[in-house]
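These notes are about the structure you will find just below.
A short reminder: the numbers here are calculations on the coordinates, not readings from a lab. The structure presented is a predicted model; accordingly, all values stated were derived computationally and were not measured. In this analysis, Cβ positions are derived from the backbone assuming ideal geometry, glycine residues included, and neighbour counts consider all displayed protein chains.
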């Protein structure tokens with residue numbers, strides 16, 4: 001999988017699943033849209049990633065890592081509430097972010113090998 005494809009999938013997953021979490025909640029909170037904001041930012045980076053712009057790629061990797069780490073607290077909250085649907089949504093967002101991060105790292109390693 002190419003980094004721009006993984007990034008686009010991750011951005012879409014973050015936007016859709018965080019929006020779903022907000023609208024499915026009995027007591028919605030605006031903080032449910034935080035992953036969506038990251039998703040929109042990642043989608044905005046996609047053109048630069050496709051053009052192999054190093055700076056934009058590194059920005060996208062940083063955003064992906066931040067959102068992955070930021071989703072730990074919501075995961076803990078959903079587990080403590082016993083909300084299976086919310087837990088599944090957060091796990092899917094985390095898995096998508098972890099996959100995108102792995103694809104980015106693999107592409108960075110390949111780029112370094114190709115330069116050498």
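One line per residue, one yes/no per condition, for (1) within 18 Å of the chain's Cα centre (by Cα); (2) under 27 Å from residue 26 (Cβ atoms):
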| position | (1), (2) |
| --- | --- |
| 53 | no, no |
| 57 | yes, no |
| 60 | yes, no |
| 63 | yes, no |
| 67 | yes, yes |
| 72 | yes, yes |
| 75 | yes, yes |
| 83 | no, yes |
| 91 | yes, yes |
- Item | residue 57, sole failed condition from (1) exposed (fewer than 14 other Cβ atoms within 10 Å of the Cβ); (2) closer than 19 Å to residue 1 by Cα | (1)
- For region 49-89, enumerate the residues that are within 18 Å of residue 14 (Cβ to Cβ) and without any contact (Cβ under 8 Å) to a residue 24 or more places away in the chain. 56, 59, 62, 69, 72, 73, 74, 75, 77, 78, 87, 88
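Within region 11-27, does at least one residue satisfy the condition of being more than 20 Å from residue 1 (Cβ to Cβ), out of contact with any strand residue (DSSP E or B) (no Cβ under 6 Å at 6 or more places or on another chain) and buried (at least 18 other Cβ atoms within 10 Å of the Cβ)?
From region 11-27, those more than 20 Å from residue 1 (Cβ to Cβ) are 18-27; that's our starting set.
Add one more test, that the residue is out of contact with any strand residue (DSSP E or B) (no Cβ under 6 Å at 6 or more places or on another chain), and what stays is 18-27.
Retained after the next criterion (residues that are buried (at least 18 other Cβ atoms within 10 Å of the Cβ)): 18, 21.
Yes; the residues of region 11-27 include at least one that is more than 20 Å from residue 1 (Cβ to Cβ), out of contact with any strand residue (DSSP E or B) (no Cβ under 6 Å at 6 or more places or on another chain) and buried (at least 18 other Cβ atoms within 10 Å of the Cβ).
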- Query: Of all residues in region 76-116, which are farther than 30 Å from residue 52 by Cα and loosely packed, with under 15 Cβ neighbours inside 10 Å?
  - Reply: 76, 77, 79, 80, 81, 82, 84, 85, 88
